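Laboratory data are not the source of any read-out in this text; all were calculated from the coordinates shown. Because the structure is predicted, anything quoted here is derived from the model rather than measured. Please note: Cβ atoms are built from the backbone with ideal geometry, for glycine as well, and neighbour counts cover all protein chains shown.
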Amino acid sequence: MLKLYSTPGTCSLASHIALEESGAVYAVETIDFARQQQRSADFLRVNPKGRVPALVTDRGIITESPAILAYIGQSFPDSAIGVPKDPFEFARIQSFNAYLCSTVHVAHAHKRRGSRWADDPAAIEAMTLKVAGNMGDCFELIENTMFSGPWVMGETYSIADPYLFTLTGWLEGDGVDPARFPKVFDHFQRMTERPAVKKVLAAVAG
């Protein structure tokens with residue numbers, strides 16, 4: 001059975017939704033950041049990076065959202081979250097997810113994780129003040145050049161959709177009105193109506 005290490009409010013939500021969409025048999029273990037469980041010896045044996053998500057499989061442990069999402073999609077090809085077999089189409093999905101991981105997530109992280117990049121309180125404050133502008137720029141790019149519609153890649157739902165949904169959910173907290181991006185905002189609202197998403201959000205809230 002697959003086991004996902006996850007924390008509410010983090011990017012691990014995307015992997016949790018993908019697992020639910022796939023129909024996989026899985027379990028979720030919550031890592032409590034408030035109690036610093038991500039730095040515990042037990043969790044560091046799972047993921048020495050001290051980050052979520054981490055997915056335990058029968059062949060070993062996978063970390064990083066794009067890798068976990070790709071694994072789920074390829075492992076359950078006939079499910080709602082299955083990935084295309086065509087190399088170019090799969091690369092398009094990976095390109096989008098890589099952008100979310102390497103650029104959008106990093107822009108967001110400067111709000112609460114500025115100490116990763118600087119020790120000077122003034123520098124950390126300056127980074128925090130840039131978050132809303134940087135996140136807005138990222139989502140302008142997604143809205144205008146990267147989002148096909150009605151789903152991220154077009155007519156077919158994919159592993160990019162729960163990932164975009166998760167990061168869109170951070171916008172208001174970063175000082176950005178998601179309604180600025182009509183296509184992305186519509187996508188977010190439609191995602192909340194999917195049974196798998198409803199089930200996961202209820203489980204996370206519960």
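Give me D for the chain in µm² s⁻¹, whole number, from Stokes-Einstein with Rh from the Kirkwood sum over alpha-carbon pairs, 37 °C and 0.692 mPa s.
Using the Kirkwood radius from Cα pairs, D works out to 187 µm²/s.
Highest first, please rank the peptides 23-29, 66-72, 11-17 by the mean number of other Cβ atoms sitting within 10 Å of their residues.
The peptides rank, most packed first, as 11-17, 66-72, 23-29.
Determine the distance separating the Cα centre of the stretch 65-130 from the Cα centre of the stretch 150-206; give it in Å without decimals.
14 Å
Positive end of the charge dipole of the chain (Lys, Arg +1 and Asp, Glu -1 on Cβ, about the Cα centre): tell me which of CYS11, ALA24, LEU55 has its Cα farthest that way.
Positive-most Cα among the choices belongs to LEU55.
How big is the stretch 1-85 by Rg and Dmax over its Cα atoms, in Å?
12.6, 42
Using only alpha-carbon positions, what ratio does the radius of gyration of the stretch 92-176 give when scaled by 2.2 N^0.38 Å?
So the stretch 92-176 has a normalised radius of gyration of 1.18.
Can you work out the Karplus-derived ³J(HN,Hα) for every residue in the stretch 129-137? Use 6.51 cos²θ - 1.76 cosθ + 1.60 with θ = phi - 60°, whole Hz, and x for glycine or proline.
5, 8, 4, 4, x, 5, 5, x, 5
Which of the aspartates and glutamates could be linked to LYS49 by a straight reach, that is with a Cα gap under 20 Å, when you skip same-chain ones fewer than 8 residues away?
Hits, sequence-local ones excluded: GLU29, ASP32, GLU64.
Compute the relative contact order of the chain as a whole-number percentage, counting only Cα pairs closer than 8 Å that sit 6 or more residues apart in sequence. The partial results should precede the final answer.
Numbers: 265 pairs, mean separation 43.9, N = 206.
So the answer I get is 21 percent.
Looking at the chain, what % of its DSSP beta bridges pair antiparallel, to the nearest 5?
60 percent
Anything over 30 Å Cα to Cα? Flag those among LYS85/LYS183; LYS130/LYS183; LYS3/LYS130; LYS130/LYS198, in the order listed.
Over 30 Å Cα-Cα: LYS3/LYS130; LYS130/LYS198.
Sum -39500 (n - 2.57) across every DSSP H segment of at least 4 residues in the chain, then divide by the residue count to get the 222 nm mean residue ellipticity, nearest 500.
Result for the chain, helices only: -14500 deg cm²/dmol.
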